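J.: The structure under discussion is supplied below as structure tokens; questions concerning it will follow.
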Amino acid sequence: MKRTTALILALVLALAMLAGCGGQHAAPAPATEAPAATEAPAATEAPKAAEAPATAEEPSPAEEPEPEITPEPAAPAVNTVILKEADNAMINTYSLLAVNPDSPFADADGNPVSDVAINTAGAQALIDWLLSDEGLDMAVNYGQEDFGDSLFYLLDGAPRYTGEIAPATPETATIRLSTTTSVNDSGLLGNLLPVFEAEYGYTVEVQSAGTGKAIAAAKFGNADLILVHAKSQEEKFIEDGFSYVLPGFSSERLSFLYNYFVLCGPADDPAGVAACESVLDSFAAIAVGKYTFVSRGDGSGTHTKELSLWPEELGITAEPESFVGYTDWYVSANAGMGGCLVMAEQMHAYILTDKATFLTFQVNGGIMN
């Protein structure tokens, strides 16, 4: 009976995949070859100066050989490439939330935690600056120099702060920010925070994990604010009383930046996902062909998005029992984005990632610190 059910499920998925991917697993078209550089014309030779008659007393000095310059080794190229992007189902929104000092803090076992000190003034100062003209301009321009395009974009209707930023005091100087690996691994925070710290005298301690773990840290009382990207988890955080509306803003959840998740995989694209009509068809093609897929598996915003893209018939959820029958191709890593990209490269596997982290991974030659 189980064998019959499995065969029926595979047939249903195969038919759906064939319809969405044009009935074939075609590899993506090769990138257009860059035109050969036009060879520069030879420079006109300068006229020779009149030679002075050689004398026995003054022999011509021997020419010293030019020192050899050893070129720096190029970063190794990566085989993993973007195969599907800019699908409406792959928009990735980032939000700021201040931690409520009166939250029902608890430890990992659910026991109440008292005497939690939240730096509300510091959290407010950092949020105010990130939503100021200076902070927003730096965020949306980040990546232009290295990639020729921004890695993050300003969300329509994003909140803005136009008032004064409170400078640090001895009591408020240390701010604890719990955030996702996406904004950290992409280098965004490394670009923004030193400017904020230098201008206003704060020190920002960054804890980086998947969104689920980043939110859990705040629930334990270990963060003053969070910067994450999973709407459903953010709304639950607010509903449970862990956030509050800051002065000058109209809601707890301050969504301000976005980019796109991208489906990446081997350049030869054995599943033919690039030819599929939508990202949903691409995920179906991976499942039908049992091509290796690396999942974050960590409750992060990326993991949450990935789970929404698999065909419902598969029943893949965050619970290990849901994919026990797919472990020959579905790899649940329980790791950060950078580490998972390295795994996908090594395993010749498909992976869902935010575009900012992928481009950083690519420009670094597949090396993630």
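The values are calculated or read from the model by the stated rules, or taken from the named source; none is laboratory data. Note that the structure is a prediction, hence the values are computed from the model and not measured. Here the Cβ positions follow ideal geometry from the backbone for every residue, glycine too, while neighbour counts run over all protein chains shown.
J.: Residue by residue through segment 350-361, note down the ones that are of a type in the set (A, V, I, L, M), over 13 Å from residue 183 (Cβ atoms) and surrounded by 22 or more Cβ atoms within 10 Å (Cβ to Cβ).
T.: Answer for segment 350-361, where residues must be of a type in the set (A, V, I, L, M), over 13 Å from residue 183 (Cβ atoms) and surrounded by 22 or more Cβ atoms within 10 Å (Cβ to Cβ): 351, 352.
J.: If you don't mind, another one. Suppose we filter segment 308-333 for residues that are surrounded by fewer than 15 Cβ atoms within 10 Å (Cβ to Cβ) and closer than 26 Å to residue 151 by Cβ; how many remain?
T.: Number of matching residues: 1.
J.: Continuing with this model, one more query. Considering only residues that are assigned to a strand (DSSP E or B) and touching a residue at least 60 places away in the same chain (Cβ under 8 Å), look in segment 330-353 and name the one that is nearest to the chain's Cα centre (by Cα).
T.: Taking the candidates together, the pick is 353.
J.: Looking at (1) free of Cβ contacts under 8 Å to residues at least 60 places away in the same chain; (2) closer than 19 Å to residue 230 by Cα, which is the only condition residue 327 fails?
T.: Checking residue 327 against (1) free of Cβ contacts under 8 Å to residues at least 60 places away in the same chain; (2) closer than 19 Å to residue 230 by Cα, the one that fails is (2).
J.: So which residues in segment 343-369 are modelled with pLDDT of 95 or more and of a type outside the set (D, E, K, R)?
T.: Listed by number, the residues that qualify are 343, 344, 346, 347, 348, 349, 350, 351, 352, 353.
J.: To continue, here is another question. What residue, of 257, 225, is over 16 Å from the mean Cα position of the chain (by Cα) and buried (at least 18 other Cβ atoms within 10 Å of the Cβ)?
T.: Exactly one of 257, 225 is over 16 Å from the mean Cα position of the chain (by Cα) and buried (at least 18 other Cβ atoms within 10 Å of the Cβ), namely 225.
J.: Just checking, which of 177, 136, 151 is modelled with pLDDT under 95, under 19 Å from the mean Cα position of the chain (by Cα), in the same structural domain as residue 238 (by TED's automatic domain parsing) and aliphatic (A, V, I, L, M)?
T.: Just one listed residue meets the conditions, 151.
J.: Quick check, is residue 298 modelled with pLDDT under 95, in a loop (DSSP other than H, G, I, E, B) and buried (at least 17 other Cβ atoms within 10 Å of the Cβ)?
T.: The answer is yes for residue 298.
J.: Same structure, new question: All but one of (1) out of contact with any Phe, Trp or Tyr (no Cβ under 6 Å at 6 or more places or on another chain); (2) within 22 Å of residue 213 (Cα to Cα); (3) not hydrophobic (A, V, I, L, M, F, W, C); (4) not in a helix (DSSP H, G or I) hold for residue 258; state the number of the condition that does not hold.
T.: Answer for residue 258: the failing condition is (1).
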